[in-house]
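Each remark here refers to the structure printed beneath this line.
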């Protein structure tokens, strides 16, 4: 696949890397005569129905519970930073405001779901990642590429779905506690199991940290020399009742409260108190041999109160959501037909002219596989009370021409509706804004097999995403009248390379992103995005010991659209160790940024330097 635009104009570094990776794999496959390996965790996000990952046409990553526990990281953003296609921004430590850039898109152009539900702030237009506790998460699925034809607004860059814990068929329990740099303490625990036809899970967590001074530049108008700490506590619960074969009733919920300090001025103790709540009830019913119905209702809320020296600023978003999905197994594939309704409501003292909107969505998803051929087609219509109708679609094709090799190609469109702040914030808004839109084309090459004693999966995915009607905040020549405008276009193109390998007691994961997320008018890099970023991790087991090392790196970025505030590239080394003292009982330690690298994810904001966190983990 040839990438259009500026990326190919630059000696085609990304395409060259893609070609070399493919040639290298081909040579190894021919000389080593590998057997095909099976990589088939079940994935929901890519098609909204459970499918083996090896059969999907989408570019997707699954982060499981074991990987989350072994990582030892302190925030969801830090965990995502180590995944293919993901860059992060974080205004200070683990409890500070954070966001993700997926495939170079803006923070609000990636849809975040918790157990299938939206929990984002409709005022800001993004999700409060820092308030989602890692200890409540069972797994994460990261879908890269436009997905509005599956989920509606916001999924221009892709979808990150968090799944909380659910009970199994037997009783289990877990507990953990740790302490680290900046007086960071963490405790968590939970139980799960089954009683007759009822499966259940309950998990709770508590965490606090004194933190460090977020803004380190005294010249910044928001500078305050105090430490910016945080407190976070939460819980999740689920219950699944299988009342007859093929008939399930599922209830799930999560609550999290984050109280975090930030620098907003020289004297005040500025802080934001964020409460996330999400709950849902679902009925999954196998009606007959070809029809399964999935009916769901739920609500997600983001309640944010910023307490500053200038006053208190409350913003609460409530999103009530309903869906009905029907899976029909037909002679020519699987057809999913669905209808959804979302009711957004804003409660704030800011004086918004409009405080609510409703979205009705109708969609169809068709999956067909025969022999080595696979086809996926999606079509969706969203009727939004503020903007009228938006139609999006996607089509993808894949061919497996040997047990080890397969190729994919796809095209898709997406959109993002403006946030309520963009539309109605007094003095700094524009009620005439229209949704941002995008069109994306991509292709991928995948190989999996056994080389010598190693099981290997390698992939290379190239994409070209054109985003139109970008919302940009603009001021007049006197910097007095400021408001967002639909004025920009951007081209986001690149290649994501990845390798996962395991042999004997060693596991290797590596990814590299070569990208060009640029403003079409100026040719400048979009803020806080790099041309090159990646991560590599190595985990070695020796008996009761597990030792790990990971390296996360990025090239330079700019903090502003004019590309004047340059943030240097960085490479940080993190080390982990775990000792299994007895069955189910382990001691662990993690050292972050062991060489005390001074680097920035946002200009003027510290990342805290070298840090250590150690603790004990128990499970049965």
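The values are calculated or read from the model by the stated rules, or taken from the named source; none is laboratory data. Remember, predicted model here, so these are calculated numbers, not experimental data. Positions of Cβ are generated from backbone atoms using ideal geometry, with glycine treated the same way; all protein chains shown enter the neighbour counts.
Worth pointing out:
- Restricting attention to segment 285-309 and to residues that are in contact (Cβ under 8 Å) with a residue 24 or more places away in the chain and out of contact with any strand residue (DSSP E or B) (no Cβ under 6 Å at 6 or more places or on another chain), the residue that is surrounded by the most Cβ atoms within 10 Å (Cβ to Cβ) turns out to be 308.
- Taking segment 175-184 as the range and being more than 15 Å from residue 587 (Cβ to Cβ) and either part of a loop (DSSP other than H, G, I, E, B) or more than 25 Å from the chain's Cα centre (by Cα) (or both) as the test, the residues that pass are 181, 182, 183.
- All of 224, 205 fail the test of being buried (at least 16 other Cβ atoms within 10 Å of the Cβ), in contact with a helix residue (DSSP H, G or I) (Cβ under 9 Å, 6 or more places away or on another chain) and either farther than 30 Å from residue 465 by Cα or modelled with pLDDT of 95 or more (or both), apart from 205.
- Consider segment 190-218 and keep the residues that are part of a loop (DSSP other than H, G, I, E, B) and without any contact (Cβ under 8 Å) to a residue 60 or more places away in the chain. The one that is farthest from residue 98 (Cα to Cα) is 196.
- Qualifying residue in segment 79-90 (condition: surrounded by fewer than 23 Cβ atoms within 10 Å (Cβ to Cβ), in contact (Cβ under 8 Å) with a residue 12 or more places away in the chain, farther than 29 Å from residue 435 by Cβ and touching a helix residue (DSSP H, G or I) at 6+ places or on another chain (Cβ under 9 Å)): yes
- Identity of the residue in segment 542-562, under 24 Å from the mean Cα position of the chain (by Cα) and within 18 Å of residue 589 (Cα to Cα), that ends up surrounded by the most Cβ atoms within 10 Å (Cβ to Cβ): 550
- Among all positions in segment 137-159, there is no residue which is under 30 Å from residue 615 (Cα atoms) and buried (at least 24 other Cβ atoms within 10 Å of the Cβ).
- If you check 224, 259 for being within 26 Å of residue 131 (Cα to Cα), part of a loop (DSSP other than H, G, I, E, B) and in contact with a strand residue (DSSP E or B) (Cβ under 8 Å, 6 or more places away or on another chain), only one passes: 224.
- Close pairs from segment 369-386: first on the phi > 0 side of the Ramachandran plot and at pLDDT 95 or above, partner in a strand (DSSP E or B) and surrounded by 14 or more Cβ atoms within 10 Å (Cβ to Cβ), Cβ under 6 Å, at least 6 apart: none
- Restricted to segment 1-110, the set of helices (runs of 4 or more DSSP H) holding at least 1 residues that are touching a strand residue (DSSP E or B) at 6+ places or on another chain (Cβ under 8 Å), at pLDDT 85 or above and more than 18 Å from residue 500 (Cα to Cα) comprises 65-71, 76-81.
- Options 62, 100; residue that is over 16 Å from residue 274 (Cβ atoms), touching a helix residue (DSSP H, G or I) at 6+ places or on another chain (Cβ under 7 Å), crowded, with 24+ Cβ neighbours inside 10 Å and touching a residue at least 12 places away in the same chain (Cβ under 8 Å): 100
- Residues in segment 572-620 that are in contact with a strand residue (DSSP E or B) (Cβ under 6 Å, 6 or more places away or on another chain), in a loop (DSSP other than H, G, I, E, B), under 21 Å from residue 536 (Cβ atoms) and touching a residue at least 24 places away in the same chain (Cβ under 8 Å): 597, 599, 601.
- The residues listed here are 390, 416; of these, the one that is modelled with pLDDT of 95 or more, touching a helix residue (DSSP H, G or I) at 6+ places or on another chain (Cβ under 6 Å) and under 30 Å from residue 348 (Cα atoms) is 416.
- From the list 347, 302, 277, 269, the one residue that fits, being more than 26 Å from the chain's Cα centre (by Cα) and in a strand (DSSP E or B), is 347.
- Residues considered: 329, 317, 292. Of these, the only one that is under 25 Å from the mean Cα position of the chain (by Cα) and part of a strand (DSSP E or B) is 317.
- In the set (1) at pLDDT below 95; (2) buried (at least 21 other Cβ atoms within 10 Å of the Cβ), the condition left unmet by residue 217 is number (2).
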